[in-house]
Amino acid sequence: MAGSEPVTSPDQHKPGHRKAGRIGAVLTALAMLAMLCGNHEGRVEDLWLIGVAVLLLLIVIGDVVLRRNGLRS
């Protein structure tokens with residue numbers, strides 16, 4: 001019965017709100033950087049917080065650049 005309707009899989013459907021995802025990623029990165037001010041003594045936690053925050057920001061920036069250049073739909 002798919003004569004008039006195209007058959008698609010769930011991963012082909014449009015994902016949720018891109019702008020909300022970007023804002024959420026940036027807010028999460030800022031919250032992680034705010035966690036640097038604390039009473040912990042080791043610096044391993046700081047390295048992880050900075051690393052994951054930078055990774056989130058790089059993913060958001062890469063997504064914006066790829067969409068602007070038309071390489072992602």
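Values in this text are rule-based calculations from the coordinates and carry no lab data. From a predicted model like this one, the values you see are computed outputs, not experimental measurements. All Cβ positions, glycine included, derive from the backbone under ideal geometry; neighbour counts span all protein chains shown.
In a helix (DSSP H, G or I) and surrounded by 10 or more Cβ atoms within 10 Å (Cβ to Cβ): does that describe residue 36? The answer is no for residue 36. Could you list, in sequence order, the residues of region 45-66 that are in contact (Cβ under 8 Å) with a residue 40 or more places away in the chain and among the aliphatic types (A, V, I, L, M)? If the condition is that a residue be in contact (Cβ under 8 Å) with a residue 40 or more places away in the chain and among the aliphatic types (A, V, I, L, M), then 64 is the only one that fits. Of all residues in region 47-73, those satisfying the criterion of being among the small types (Gly, Ala, Ser), closer than 20 Å to residue 33 by Cβ and loosely packed, with under 12 Cβ neighbours inside 10 Å are 51, 62.
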